[in-house]
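The structure appears below as structure tokens.
The values are calculated or read from the model by the stated rules, or taken from the named source; none is laboratory data. Here the structure is a predicted model, which means the values were calculated and not measured. As a convention, Cβ positions derive from the backbone with ideal geometry for all residues, glycine included, and neighbour counts pool all protein chains shown. For accessibility, only protein heavy atoms count, side chains too; no ligands or nucleic acids. Shrake-Rupley method; radii C 1.70, N 1.55, O 1.52, S 1.80 Å.
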Amino acid sequence: MIVGICGSPRKQATDYVLKEALNQMEDKGYHAEFFGVRGKEIGPCRHCDYCLRKKECFLKDDMFEVYELLDEAQGIIIASPMYNGGISAQIKAVMDRCRALGAADYDFLRGKIGMGIAVGGDRSGGQELALQQIHTYYILNGIIPVSGGSFGANIGASFWSQDTLNGVKEDVEGFKNLKKTTNMFHRYLERYGPANHEKP
Ligand SMILES: Cc1cc2nc3c(=O)[nH]c(=O)nc-3n(C[C@H](O)[C@H](O)[C@H](O)COP(=O)(O)O)c2cc1C
């Protein structure tokens, strides 16, 4: 199973391109699940260390839905809009709250495959930094990060939305590098994906 996590509080550009990525993975034979932060309550990590003691998060909110999806997933796609040149606060909260998973099981996420999607209103609005933030989260948690390969999508899928849904639909280059990245994601899942997870 592939889980796509959308870090936008709106049903607009990021939602659209993530769903396109999940459709591409379904076309390759995977079951895909979408989770969006829109309308969800996911508080920021409080660093209370409750998770280190009790092996679960103190905050009982919608993050528990994400924990279940991450448990099942072989592959993870994190998609974020650009906020001040990087990922949104909402997707950062999701990442930080995964501390509780590591507290319960150090290897919880290890060996899964991860790709990133960054959507900016500007052509150069922080997408590269955001992809690096997503890949850093993957590396820190033992998730294998995937690029789209050279000649088009060196560090993942990057979109220019011009701040609208129609704008992102016009981003031909964005969709080209999304395709390259989902192709590479598929290749990694086949070669290096966690064998102990149900497939597809
Ligand atoms: C608080 C805030 C900060 C933003 N900062 C940036 C930015 O630094 N760079 C950029 O390209 N776009 C920025 N934007 C624009 C959004 O990234 C852009 O409209 C994007 O398409 C939003 O994704 P969505 O349509 O999925 O919500 C910002 C938007 C908001 C609300």
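Among all residue pairs at least 6 apart or on different chains, which show Cβ distances below 9 Å where the first residue, located in segment 78-107, is on the phi < 0 side of the Ramachandran plot and within 16 Å of the ligand (Cβ to nearest atom) and the second is open to solvent by 70 Å² or more (accessible area, probe 1.4 Å) and in a loop (DSSP other than H, G, I, E, B)? So the pair list comes out as 81/10; 82/122; 89/44; 90/38; 90/40; 92/44; 93/44.
Among the criteria (1) over 24 Å from residue 69 (Cβ atoms); (2) modelled with pLDDT of 95 or more; (3) open to solvent by 10 Å² or more (accessible area, probe 1.4 Å), the one residue 145 does not fulfil is (1).
For residue 101, are the conditions met, namely being within 22 Å of residue 1 (Cβ to Cβ), in contact with a Phe, Trp or Tyr (Cβ under 6 Å, 6 or more places away or on another chain) and part of a helix (DSSP H, G or I)?
Details: within 22 Å of residue 1 (Cβ to Cβ): yes; in contact with a Phe, Trp or Tyr (Cβ under 6 Å, 6 or more places away or on another chain): yes; part of a helix (DSSP H, G or I): yes.
So residue 101 passes the test.
Among the residues in segment 11-24, are any in a strand (DSSP E or B), surrounded by 14 or more Cβ atoms within 10 Å (Cβ to Cβ), in contact with a Lys or Arg (Cβ under 8 Å, 6 or more places away or on another chain) and not charged (D, E, K, R)? Within segment 11-24, not a single residue is in a strand (DSSP E or B), surrounded by 14 or more Cβ atoms within 10 Å (Cβ to Cβ), in contact with a Lys or Arg (Cβ under 8 Å, 6 or more places away or on another chain) and not charged (D, E, K, R).
Looking only at segment 28-58, which residues are over 19 Å from the mean Cα position of the chain (by Cα) and either modelled with pLDDT under 95 or open to solvent by 60 Å² or more (accessible area, probe 1.4 Å) (or both)?
Of the residues in segment 28-58, the ones over 19 Å from the mean Cα position of the chain (by Cα) are 29, 46-58.
Residues satisfying the conditions are 46, 47, 48, 52, 53, 54, 55, 56, 58.
Scanning segment 112-124 for residues that are over 10 Å from residue 81 (Cα atoms) and over 10 Å from the mean Cα position of the chain (by Cα) yields a total of 5.
Let's see how each residue does on (1) of a type in the set (S, T, N, Q); (2) open to solvent by less than 10 Å² (accessible area, probe 1.4 Å):
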site: 60; (1), (2): no, no
site: 67; (1), (2): no, no
site: 84; (1), (2): yes, no
site: 98; (1), (2): no, yes
site: 106; (1), (2): no, no
site: 110; (1), (2): no, no
site: 113; (1), (2): no, yes
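For segment 148-173, the candidate set comprises residues that are part of a loop (DSSP other than H, G, I, E, B) and of a type in the set (S, T, N, Q); within that set, the residue that is most open to solvent (accessible area, probe 1.4 Å) is 154.
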